[in-house]
Amino acid sequence: MLINNSPVSQFQFNQRTIYVKRDDLLDPNFSGNKARKLAYFLTQPSADIDTLISYGGNQSNLMYSLSCLAKLKNWQFIYYTNQISSQAQLNAAGNLAASLANGMQIIPTKTKLNLLAQDLATNLASNQLLIQQGGAQSEAEFGIQQLAAEIRQWAAQQNFAQLAIFLPSGTGTSAFYLQKQLREFTVYTTNCVGSPEYLEQQFQQLDPHAKIYPTILPNLNYRFATPYQELLTAYQQLSDSSQIEFDLVYDPIGWKILSNNLTQISAPLLYIHCGGLIGNSSMLRRYQYAFPELFAH
Ligand SMILES: *Cc1c(COP(=O)(O)O)cnc(C)c1O
């Protein structure tokens, strides 16, 4: 199972070289930053655990990787979500279908997920492992530290004294720990979920005393997992110039916001490909539904 030492590709965009850290080429079950966030649980022994519990959206990339982790470890996997009907389960695509096939038990709940999380944590039994929504917890730093070490070594080989790193954020966990581990470089990110203020709060929850936080390039226009024609255009441009398949949920927002700010970033630029390609089929369905005319042949 390959969960570290991913290669770096490059492509030209507007006369600029963009480097891409290919974490999408890590193990498909733990692709992208999910491999990094879960590296701790994948490599450390956990003899007493037989049940994994988590919660969040029903098309979450992390949910899918957790279903693979549970399968690998022979654990039960229980997942709480606010957004599931039995109809949705029957028509499941993307991450939901793949996670159900891995044996995930999905439990619909009307309780707000942050309240549910507190309740789960308080009542956790010693055979249960609770992973927070999106993997936003301190164990994520273990794998992100390895990612940081790979980037540092690569930058040294390239003779880059400066480096700008970009990755789109959900919980902000990856961006936060990456900046913490790579103080010599600037980590840029954008809020794909919620507002820029929400992302700042997420950083502070991980460590209220951190000396350095990632630089947020604010996204004020695009709502999470919502189709926008201009994002599709940006995504197609990105695919054409890079010849790399990117994720359809985070990367179109990330790339659009990054391209709007590109001229202000003078250091060599490394884009972290965070994987997530298994979710593309369900997001593509949403795009086809929203803009049928763009897909008519
Ligand atoms: C999970 C994910 C992210 C966001 O990672 P966070 O650590 O939650 O900010 C970005 N891109 C892709 C493709 C992801 O799957």
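What follows draws every value from the coordinates through simple rules; no lab data is involved. Source: prediction; values computed, not measured. Because the Cβ atoms are built from the backbone with ideal geometry, glycine has one as well, and the counts that use them run over all protein chains shown.
Structure note, pairs 37/256; 37/180; 34/211: Cα-Cα distances above 19 angstrom occur for 37/256; 34/211.
For residue 279, the shell of other residues with beta-carbons less than 14 Å away shows a net charge of -1, using +1 for Lys and Arg and -1 for Asp and Glu. Please give me the summed charge of the neighbours of residue 6: other residues whose Cβ is under 9 Å from its Cβ, Lys and Arg +1, Asp and Glu -1. Combined, the nearby Lys, Arg, Asp and Glu give -1. Summing Lys and Arg as +1 and Asp and Glu as -1 over all other residues whose Cβ lies under 10 Å from the Cβ of residue 65 gives a net charge of +1. Among the trypsin sites (Lys or Arg not before Pro) in the range 183-257, those located in a DSSP loop and surrounded by at most 15 other Cβ atoms within 10 Å of their own Cβ are 183, 211, 223.
Binning all Cα-Cα separations of the range 229-297 at 10 Å, short to long from zero, yields these whole-percent fractions: 18, 50, 25, 7, 0. The charge dipole of the range 36-135, taken about its Cα centre with unit charges on the Cβ of Lys, Arg, Asp and Glu (plus for the first two, minus for the last two), comes to roughly 220 debye.
Treating each Cα of the chain as one equal point scatterer and applying the Debye formula with no solvent, the log10 of I(q)/I(0) at q = 0.09, 0.14, 0.16 Å⁻¹ comes out as -0.43, -1.07, -1.41.
Using a simple charge model, +1 on the beta-carbon of Lys and Arg, -1 on the beta-carbon of Asp and Glu, nothing else, what dipole does the chain show about its Cα centre, in debye to the nearest 20? Charge dipole of the chain: 80 debye, to the nearest 20.
Comparing mean-square fluctuations of 268, 208, 196 from a GNM of the chain with C-alpha springs under 10 Å, the top value falls on 208. Taking the Cα centre of the range 114-217 as reference, the dipole from Cβ charges on Lys and Arg (+1) and Asp and Glu (-1) amounts to some 240 debye.
For the chain, set up a Gaussian network in which alpha carbons nearer than 10 Å are linked by springs, and say which option among 161, 140, 35 fluctuates the most. Answer for the Gaussian network model of the chain: 161. Per residue, the convex hull spanned by the alpha carbons of the range 1-84 comes to 109 Å³. Over 17 Å apart: what share of the alpha carbon pairs of the range 110-178 falls there, rounded to a whole percent? Roughly 59 percent, rounded to a whole number. Loop-located chymotrypsin sites (Phe, Trp or Tyr not before Pro) in the range 165-228 (DSSP state other than H, G, I, E, B) with a sparse environment of at most 16 neighbouring Cβ atoms within 10 Å: 224. With only Cα atoms counted, the range 173-297 has Rg and Dmax values of 15.6, 54 Å.
Applied to the range 179-194, the Karplus parametrisation 6.51 cos²θ - 1.76 cosθ + 1.60 on θ = phi - 60° returns per-residue 3J(HN,Hα) values of 5, 4, 7, 10, 5, 6, 10, 9, 9, 9, 8, 9, 7, 8, 10, x Hz, with x for Gly and Pro. Placing one equal scatterer on every Cα of the range 64-198 and applying the Debye formula, the log10 ratio I(q)/I(0) at q = 0.11, 0.20, 0.22 Å⁻¹ is -0.56, -1.26, -1.35. Here the ratio of the Cα radius of gyration of the range 36-135 to 2.2 N^0.38 Å is 1.02.
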